[in-house]
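Accompanying notes for the structure given below.
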Amino acid sequence: RNQGNIEIAHAEYRRAVANLRRLELDLRNRAAAALREYRQAAGQVELYTGEILPAAEENLELTEIGYERGEFDLLRA
């Protein structure tokens with residue numbers, strides 16, 4: 001008589017285990033995607049701080065010096 005209940009309990013257990021595995025896989029995939037995005041963003045930060053920002057600051061400084069010396073005119077293209 002109890003066989004039916006035992007079979008139901010086993011089926012529920014198997015479903016729970018399968019659901020747990022599915023959740024683990026989903027979390028791993030989401031974590032991997034987040035890590036890829038983080039690494040990409042970190043690379044962009046490095047590019048901006050290491051190359052783009054210093055070049056822009058140098059360009060600004062040279063432009064300011066040019067304006068101070070009268071080498072540049074705001075209206076001249």
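General observations
- Per residue accessible area of the chain, 1.4 Å probe, in Å²: 96
- Folded to 0 to 90 degrees: helix 53-68 orientation relative to the chain principal axis, Cα: 20
- Evaluated on the chain, the Kirkwood hydrodynamic radius is 18.5 Å, with distances taken between all distinct Cα atoms.
- Sorted largest first by accessible area at a 1.4 angstrom probe radius, with every protein chain in place, the residues L35, L60 fall in the order L60, L35.
- Calculated [222 nm] ellipticity per residue, helices only, for the chain: -28500 deg cm²/dmol; basis is -39500 (n - 2.57) per DSSP H run with n ≥ 4, divided by all residues, nearest 500.
- To the nearest ten degrees, helix 3-47 and the longest principal axis of the Cα atoms of the chain are 10 degrees apart.
- If the chain linking E61 and A31 were pulled fully straight, counting 0.36 nm for each residue of separation and taking away their Cα-Cα distance, it would gain 6.5 nm.
The values are calculated or read from the model by the stated rules, or taken from the named source; none is laboratory data. Every value quoted in this text rests on a predicted model; they were computed, and no experiment measured them. SASA here: full protein model, heavy atoms, side chains in, ligands and nucleic acids out. Shrake-Rupley method; radii C 1.70, N 1.55, O 1.52, S 1.80 Å.
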